[in-house]
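Student: Sharing a structure here in structure tokens format.
The values are calculated or read from the model by the stated rules, or taken from the named source; none is laboratory data. This one's a predicted model, so the numbers in the text were calculated from it and none came from an experiment. Positions of Cβ are backbone-derived with ideal geometry, glycine not excepted, and every protein chain shown enters the neighbour counts.
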2 protein chains.
Amino acid sequence: MSEGVEWALHSCLNLAWVGPERAVTSTRLAEYYQLPAAYMNKQLQALARAGIVYSTPGPGGGFRLARALDEITLMDVVSAIEGRDEAFRCTEIRQRGPGAARGAPGDLCQIDLAMRRAELAWRRELGAQTLGEVKASVERGTPEVPVRIRSWFAAH
Amino acid sequence: MSEGVEWALHSCLNLAWVGPERAVTSTRLAEYYQLPAAYMNKQLQALARAGIVYSTPGPGGGFRLARALDEITLMDVVSAIEGRDEAFRCTEIRQRGPGAARGAPGDLCQIDLAMRRAELAWRRELGAQTLGEVKASVERGTPEVPVRIRSWFAAH
DNA sequence: GCGAACCTACTCGGATATGGGATGTCCGAGTTCTCGTGG
DNA sequence: CCACGAGAACTCGGACATCCCATATCCGAGTAGGTTCGC
């Protein structure tokens, strides 16, 4: 899985802690984790295309969350960065070669079905977890994080 | 996900239908789906390393299943081909940069935890499905498949 | 006829190329703020 | 003092390189079976 997913998830939390008043530039978000700024920008663009954040250009511009963290699931972010196609892609090799199983329209590839079942469980779990819940967990375990992040981004 | 997973899964079913008496070469298994033989061989090697199949060299050699299909889960095959490390790899970027969260040993990355939960659901589902069940589903939907495959591999 | 040694053909196994996508970088279009100027 | 316009700086957005892994290929080590030779 792409490394950008991790960056995007953390950045969404940071944007939430900073608050909706100020926009944060991709440069600042990257600096906070010592990551390449231009590449971080690329990930944020993907989030913007997916409607998770929205961007404002020019001085004082940057990125803001497009909706509350409770309305953003892990699935949303993963889809935005990784794309929407499934990990296991059935190429129907059973219909190639000499023993090609032709004809029967209702005859699905059972291997594909089984793999889809597993991937569906993954997606269901990702869709059930909102970033709001993750944020709450972090604040429960380390209460000083919100203030620290908010003040750091305010100072820069 | 690697394309080899699909090849490996289908090949395991084919090996089961051929039966344990005869060993099947990687060339034949590849020909059946019009796939590159050398690369198919590579996937079967991975299955052999994982103990799912075992190989015999020389004339009359090839691959056989190492155990019954009911004892082989989808997870086993996926692990053999793709490797055992998780798809989402937490690089702990939160501990980098100016706002590094130092100290607290019990303080885990909540994002990592959430992603692991989802991936665990995926692995659980893969581990619950055996290739024996998949084979049964195929035979229920298309009863002629076992005979066709068995005879094709017998003729070649 | 029978046994053994050799030889051939075949198969796996790992070392070796190649291509596409993830990773990383750069510059232009557009906007906002600031500063200067004129009324 | 205020309004306005030009300029500059800043930001995103997408186009352009680079690197690594999945894909694909090839050849050598080892083995089983057949063949031939000797007894």
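Student: Go through the residues of the stretch A:121-131 one by one and say whether even a single one is of a type in the set (Val, Ile, Thr) and more than 9 Å from every other protein chain (Cβ to nearest Cβ).
Tutor: yes
Student: Any residue at all in the stretch B:27-44 that is within 17 Å of B:LEU69 (Cα to Cα) and either more than 8 Å from DNA strand C (Cβ to nearest atom) or buried (at least 22 other Cβ atoms within 10 Å of the Cβ) (or both)?
Tutor: yes
Student: Right, another one. Taking the stretch B:143-156, which residues are free of Cβ contacts under 8 Å to residues at least 24 places away in the same chain and not in a helix (DSSP H, G or I)?
Tutor: Within the stretch B:143-156, B:PRO143, B:GLU144 meet the criteria.
Student: In the stretch B:51-70, what residues are hydrophobic (A, V, I, L, M, F, W, C) and more than 16 Å from DNA strand D (Cβ to nearest atom)?
Tutor: Answer for the stretch B:51-70, where residues must be hydrophobic (A, V, I, L, M, F, W, C) and more than 16 Å from DNA strand D (Cβ to nearest atom): B:ILE52, B:VAL53, B:LEU65, B:ALA66, B:ALA68, B:LEU69.
Student: So, one more: Kindly list the number of the only condition in (1) more than 9 Å from DNA strand C (Cβ to nearest atom); (2) within 12 Å of another protein chain (Cβ to nearest Cβ); (3) in contact with a Phe, Trp or Tyr (Cβ under 8 Å, 6 or more places away or on another chain) that fails for B:ARG22.
Tutor: With respect to (1) more than 9 Å from DNA strand C (Cβ to nearest atom); (2) within 12 Å of another protein chain (Cβ to nearest Cβ); (3) in contact with a Phe, Trp or Tyr (Cβ under 8 Å, 6 or more places away or on another chain), B:ARG22 is out only on (2).
Student: Search the stretch B:37-46 for residues being farther than 11 Å from B:TRP7 by Cα and touching a helix residue (DSSP H, G or I) at 6+ places or on another chain (Cβ under 7 Å), and hand back the single one that is farthest from DNA strand D (Cβ to nearest atom).
Tutor: Ranking the candidates gives B:ALA46 first.
Student: Okay, next question. Is the stretch B:46-54 home to any residue that is within 14 Å of another protein chain (Cβ to nearest Cβ), surrounded by 19 or more Cβ atoms within 10 Å (Cβ to Cβ) and among the β-branched types (Val, Ile, Thr)?
Tutor: Scanning the stretch B:46-54, I find no residue that is within 14 Å of another protein chain (Cβ to nearest Cβ), surrounded by 19 or more Cβ atoms within 10 Å (Cβ to Cβ) and among the β-branched types (Val, Ile, Thr), so the answer is no.
Student: For residues in the stretch B:81-90 being within 12 Å of another protein chain (Cβ to nearest Cβ) and within 16 Å of DNA strand D (Cβ to nearest atom), which is farthest from the chain's Cα centre (by Cα)?
Tutor: Restricting to residues being within 12 Å of another protein chain (Cβ to nearest Cβ) and within 16 Å of DNA strand D (Cβ to nearest atom), the top hit is B:ARG89.
Student: So, one more: Do we find a residue being touching a residue at least 60 places away in the same chain (Cβ under 8 Å), surrounded by 14 or more Cβ atoms within 10 Å (Cβ to Cβ) and polar (S, T, N, Q) anywhere in the stretch B:126-142?
Tutor: Scanning the stretch B:126-142, I find at least one residue that is touching a residue at least 60 places away in the same chain (Cβ under 8 Å), surrounded by 14 or more Cβ atoms within 10 Å (Cβ to Cβ) and polar (S, T, N, Q), so the answer is yes.
Student: Checking A:PRO59 against (1) away from DNA strand C (no atom under 11 Å from the Cβ); (2) modelled with pLDDT under 95, only one condition comes out false. Which one?
Tutor: (1)
Student: Can you find even one residue in the stretch A:71-80 that is within 14 Å of DNA strand D (Cβ to nearest atom), within 19 Å of B:ALA114 (Cα to Cα) and within 13 Å of the chain's Cα centre (by Cα)?
Tutor: yes
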